[in-house]
Amino acid sequence: MRDQPSRRIDQPEPGLFRMRLVKNGPFVAARIERKLGHLVATVNGVPADVDTVWTSGDFIDETMWNILAAEPPADPHRPLPISKRGIADRMREQDERDWWHTRPIA
């Protein structure tokens, strides 16, 4: 996502994330939180590696996280088939990443 704040990969922080477990897979809900002074991560409610969530996830708001957590994919390790809708989603995501072509000329 284009509006992601920069972050240091060696200093994970608590937050809500969306991430893919495999290339072209569905998004899953991930969270990093502080418990008893230590950072712990979960992906779809299952314990996960903090560094993986921190480096692979995109920050999202609580509303989007609740939607992803309420409807987890049946098999998050299976890539999504390419369809017309999938191609449109991929094009939109590419436009979000490709901010060089959308930023105003100064």
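The values are calculated or read from the model by the stated rules, or taken from the named source; none is laboratory data. None of the values given here were measured: they were computed from a predicted structure. In this analysis, Cβ positions are derived from the backbone assuming ideal geometry, glycine residues included, and neighbour counts consider all displayed protein chains. For accessibility, only protein heavy atoms count, side chains too; no ligands or nucleic acids. Shrake-Rupley method; radii C 1.70, N 1.55, O 1.52, S 1.80 Å.
Hey, any hits in the stretch 40-56 for a residue that's in contact (Cβ under 8 Å) with a residue 60 or more places away in the chain and not hydrophobic (A, V, I, L, M, F, W, C)?
Among the residues of the stretch 40-56, not one is in contact (Cβ under 8 Å) with a residue 60 or more places away in the chain and not hydrophobic (A, V, I, L, M, F, W, C), which makes the answer no.
How many residues does the stretch 21-47 hold that are in a strand (DSSP E or B) and either hydroxyl-bearing (S, T, Y) or surrounded by 19 or more Cβ atoms within 10 Å (Cβ to Cβ) (or both)?
9
Considering only the stretch 62-72, I want to know if a residue exists there that is in a loop (DSSP other than H, G, I, E, B) and at pLDDT below 90.
yes
Can you tell which of V28, V22, V50, V46 is at negative phi and in contact with a helix residue (DSSP H, G or I) (Cβ under 9 Å, 6 or more places away or on another chain)?
Just one listed residue meets the conditions, V28.
Against the condition open to solvent by 60 Å² or more (accessible area, probe 1.4 Å) and in contact with a Gly (Cβ under 6 Å, 6 or more places away or on another chain), how does P79 come out, does it pass?
yes
Given the options E71, E62, E13, name the one that is among the charged types (D, E, K, R), surrounded by fewer than 16 Cβ atoms within 10 Å (Cβ to Cβ) and over 28 Å from M91 (Cβ atoms).
Sole residue among the options that is among the charged types (D, E, K, R), surrounded by fewer than 16 Cβ atoms within 10 Å (Cβ to Cβ) and over 28 Å from M91 (Cβ atoms): E13.
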